[in-house]
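The values are calculated or read from the model by the stated rules, or taken from the named source; none is laboratory data. Bear in mind the structure is a predicted one, so any value in this text is a computation, not a measurement. No Cβ is skipped: glycine too gets one built from the backbone with ideal geometry, and neighbour counts run over all protein chains shown. Just so you know, the surface numbers come from the protein's heavy atoms only, side chains and all, with ligands and any DNA or RNA stripped out. Shrake-Rupley method; radii C 1.70, N 1.55, O 1.52, S 1.80 Å.
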Amino acid sequence: MSAPSLAPYILKRPWLTKWVKPLAQWYGNAAGYRQLGLRADDILPEENITVQHALKRLPPKEAYDRVFRIRRAFQCSVSHQLLPKSEWTKPEDDVPYLTEIITDIEKEMAEREDLESIVITKRAANASGH
């Protein structure tokens, strides 16, 4: 399941956004995954069953691009090198592609769980014989 987010709360308050946004940008750059050509959704743990279902729903082109980015990052990691700066993932390109699918799957799972836990009871017959 995805973790709760403070983003909606922060984005509704411009004064808080001005303070948090530079910190978030710094953290995104300091994390290092962009220097390997990865996007944030590339580093989600695949052991999670919800993420596995989301990966199956990716369009073929997006799935291919994801595998390419991960393999290239793995090769960089093995050789202890970073990509040339021109190949780093730019912050504007680091958009979620898997998070929306994961959210949809979580909603579907919750709905399925609600439907499976419904208890059906028979109405008692009316005293007048109807």
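Ignoring ligands, DNA and RNA, what percent of the 1.4 Å accessible area of the stretch 1-115 is carbon and sulfur? Kindly include the intermediate steps, with their values, before the conclusion.
Values: 5340 of 8660 Å².
On the stretch 1-115, the fraction of accessible area on carbon and sulfur atoms equals 62 percent.
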With Kirkwood radius over Cα pairs in Å as the read-out, I listed (i) 17.3; (ii) 18.3; (iii) 17.7; which label goes with the value calculated from this structure? (ii)
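Using a 10 angstrom Cβ neighbour count of at most 16 plus a DSSP loop assignment to flag exposed trypsin sites (Lys or Arg not before Pro), which longest range of the chain is free of such sites? Before the final figure, lay out each step's value.
Values: sites that count: 12, 122, 123.
The longest such stretch corresponds to 13-121.
Using alpha-carbon pairs under 8 Å, 6+ residues apart, how would you state the relative contact order of the chain in percent?
In percent, rounded to a whole number, it is 33.
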Apply the Karplus parameterisation 6.51 cos²θ - 1.76 cosθ + 1.60, with θ equal to phi minus 60°, to every residue of the stretch 35-41 and state each ³J(HN,Hα) to the nearest whole Hz, in sequence, with x for glycine and proline. 6, 9, x, 8, 10, 4, 6
Treat every Asp and Glu Cβ in the stretch 49-127 as -1 and every Lys and Arg Cβ as +1, leave all other atoms uncharged, and give the resulting dipole magnitude about the Cα centre to the nearest 20 debye. 300 debye
Can you list the HN-Hα couplings for the stretch 85-96, worked out from phi with the Karplus curve (6.51, -1.76, 1.60; θ = phi - 60°), rounded to whole Hz and with x for Gly and Pro? 4, 5, 9, 5, 6, 7, x, 6, 8, 7, 9, x
How large is ³J(HN,Hα) for each residue in the stretch 66-78, as worked out from phi by the Karplus curve 6.51 cos²θ - 1.76 cosθ + 1.60 (θ = phi - 60°), to whole Hz, x for Gly and Pro? 5, 4, 4, 4, 5, 5, 5, 5, 4, 4, 4, 5, 5
Going toward the positive end of the dipole of the stretch 4-66, with +1 on Lys and Arg Cβ and -1 on Asp and Glu Cβ, which of 60, 43, 20 do you reach last? 20
Under 5 Å between amide H atoms, partner at least 5 residues away or on a different chain: which partners does residue 38 have, H built in plane at 1.01 Å? 89
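Using 1/(1 + (r/R0)^6) with R0 = 25 angstrom and r between the beta carbons of residue 107 and residue 61, what's the FRET efficiency to the nearest 0.05? Walk me through the numbers before you get to the answer.
Working: r = 25 Å, r/R0 = 1.00.
For R0 = 25 Å, the calculated efficiency reads 0.50.
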Given a 1.4 Å probe, the accessible area of the stretch 17-130 per residue, as a whole number of Å², is 78 Å²
Size of charge dipole - the stretch 1-62 - debye, nearest 20, with Cβ of Lys, Arg +1 and Asp, Glu -1, no other charges: 400 debye
